[in-house]
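J.: What follows is a single structure, and I will ask about it in a moment.
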Amino acid sequence: MTTPQRAILAPLLGLGMGWSLFMFAAWSNLFIQPIYDASGFVSDPSVRPSTYLYLLGIALFSLGSFIGLRMSRAERERDGGEAALALAAYRFATLSVIIALAGGAIFAIANFLTALGNRNDESLAARIGGVYVPIILAAALVIVLLLFSFVHRASRTDASGTESEETTRRQKALGWGYAIPIVAAAIAVIFGLIVYDITGTSLEGWVWVIIQVIIASGIILGTRYARRARAEDPPAPKPRTGWASGAWNLNLVLSIVFGAVVSFMAFIFGAEAFDQLRNYNFDYEGWEIEPFSVAWLLGDFAPALVLMVLVIVGIYSTITERHRTENV
């Protein structure tokens, strides 16, 4: 197996491992019963194993995407960026990293919004472990993935080392430009949660004003460092050749769209399969968990598993086959 092929396979394997952890998370949610207070209000416990399983699944997909991006980038530098399969692997890995970044951001936002509407009488330690820590870890994951994927990467230097110093300054400015808005958003989210937990009421107008001021300040500072990075003279880009036609690009986009749709179906079908194991048989005050059965495995869970395998095999085969060298 060549390096570009491994670069294509790495994000797909990360996706498969992430899907597996998401399924374990869905299974673990079956054992989390709702909490009822004296007035009959229903809430969920803050600390749930599924929260960390979801985050670990996103992290594994991020790791696979980063490995694929690093491998494909190194291959392009070795062959001068002319090989079609290496370029396709690089584009696919880059898209995978962007999806992983979006996944981390959505995870943090979802936890924030869920925490605002789900406050109970649990201890502060439970609140921190179930809400604050996952948000901080998700923000750290996004920052690290951004910096190592698009900022801190090896660059060529001349004999005098001048280009290396310029690149270092540019990378530092880029790093701050990427990181500051994310850090500011995380601080704003944590601030909002602290106020919500202390007051026990919905966030008032001035609290939202402070949150938006923190986020806006981060964006402004990030823009400032991004401007500094742009002012630095970047290394001269290599000339690109028109290696592919529009039809090839279209086929690549269609294969990725196919993978996205089928992946979504695999996640949804898998989660719904575990929901089928809930048995509401005592006035909806909770549920019993049905044991695994052959009928459940073949009728409910197997379609999701087959769809995920189809994503991995289908995308890998499509990208590698369309760049295979014909023997004439």
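The values are calculated or read from the model by the stated rules, or taken from the named source; none is laboratory data. All values reported here derive from a predicted model rather than from experimental measurement. Note that we place each Cβ from the backbone using ideal geometry, even for glycine, and neighbour counts take in every protein chain shown.
J.: Name the single residue that is modelled with the highest pLDDT among those in region 282-304 being aromatic (Phe, Trp, Tyr) and loosely packed, with under 11 Cβ neighbours inside 10 Å.
T.: Looking at the filtered set, the residue picked out is Phe282.
J.: If you don't mind, there's one more thing I want to ask. Please go through (1) within 20 Å of Leu147 (Cβ to Cβ); (2) surrounded by 14 or more Cβ atoms within 10 Å (Cβ to Cβ); (3) of a type outside the set (Ser, Thr, Tyr); (4) at pLDDT 65 or above for Glu232 and return the number of the only condition it doesn't satisfy.
T.: Unmet condition: (4).
J.: Only residues that are surrounded by 22 or more Cβ atoms within 10 Å (Cβ to Cβ) and either within 13 Å of the chain's Cα centre (by Cα) or not hydrophobic (A, V, I, L, M, F, W, C) (or both): list them for region 1-21, please.
T.: The answer is Pro4, Pro11, Gly14, Leu15, Gly18, Trp19.
J.: What are the residue pairs meeting all of these: first residue in region 121-132, first residue in a loop (DSSP other than H, G, I, E, B), second residue at pLDDT below 80 and surrounded by 10 or more Cβ atoms within 10 Å (Cβ to Cβ), Cβ atoms under 6 Å, and 6 or more apart or on different chains?
T.: Glu122/Ser46
J.: Which one of Leu277, Leu307, Leu254, Leu250 is within 30 Å of Ala88 (Cβ to Cβ) and modelled with pLDDT of 85 or more?
T.: Going through Leu277, Leu307, Leu254, Leu250 in turn, the sole match is Leu307.
J.: Further, regarding this structure: Of Gly16, Gly40, Gly64, Gly81, which residue is outside any helix (DSSP H, G or I) and either more than 26 Å from Ile289 (Cα to Cα) or at pLDDT 80 or above (or both)?
T.: Gly81
J.: Here's a follow-up. Just to be sure before I move on: is Ser28 in contact with a Lys or Arg (Cβ under 9 Å, 6 or more places away or on another chain), at pLDDT 85 or above, surrounded by 14 or more Cβ atoms within 10 Å (Cβ to Cβ) and farther than 24 Å from Ile194 by Cβ in the structure I sent?
T.: yes
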